[in-house]
Amino acid sequence: KQLTDRLDLPVLALPADRRPARHVWHCPVRTAPGDRLLTDAEWGEVARRIVHATGIAPEG
């Protein structure tokens, strides 16, 4: 609760009519510098696994 309150401070500093209606979650993901390049399909699988693991979307 304390962390979310602190993260909301910049948004709450905006005038009410300029605040976003919903939160946006950014999750930067990268491979290690020496790893091979991933295909678009592999990145898609990474994204599916992340949204499932965080509870944003069910598996599949």
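The values are calculated or read from the model by the stated rules, or taken from the named source; none is laboratory data. Everything numeric here is computed off the predicted structure, so don't read it as measured data. Heads up, the Cβs are rebuilt from the backbone with ideal geometry, glycines too, and the neighbour counts pull from every protein chain shown. Accessible surface areas use protein heavy atoms only, side chains included; no ligands, DNA or RNA. Shrake-Rupley method; radii C 1.70, N 1.55, O 1.52, S 1.80 Å.
Full extension of the chain segment joining residue 4 with residue 25 gains 6.4 nm, where the gain is 0.36 nm per residue of separation less the Cα-Cα distance. Evaluate the distance, in nm, between pseudo-label points positioned 7 Å from the Cα of residue 39 and of residue 51 along their respective Cα→Cβ axes. For residue 39 paired with residue 51, the spin-label model returns 2.1 nm. Between 0 and 90 degrees, the angle of helix 2-12 with respect to the longest Cα principal axis of the chain falls at about 70 degrees.
Based solely on its DSSP helices, what 222 nm [θ] is calculated for the chain when runs of n ≥ 4 H residues each add -39,500 (n - 2.57) and the sum is averaged over all residues, nearest 500 deg cm²/dmol? Could you put the intermediate results ahead of the total?
Values: 2 runs with 25 residues, N = 60.
Here the helix-only value at 222 nm equals -13000 deg cm²/dmol.
Leaving out ligands, DNA and RNA, what percent of the accessible area of the chain is carbon and sulfur, probe 1.4 Å? Please list the in-between numbers first.
Numbers: 3430 of 5850 Å².
Solvent-exposed carbon and sulfur of the chain make up 59 percent of the total.
Taking Cα atoms only, the orientation of helix 40-53 departs from the longest principal axis of the chain by about 50 degrees. Per residue, the solvent-accessible area of the chain (1.4 Å probe, heavy atoms of protein chains only, all protein chains present) comes to 97 Å².
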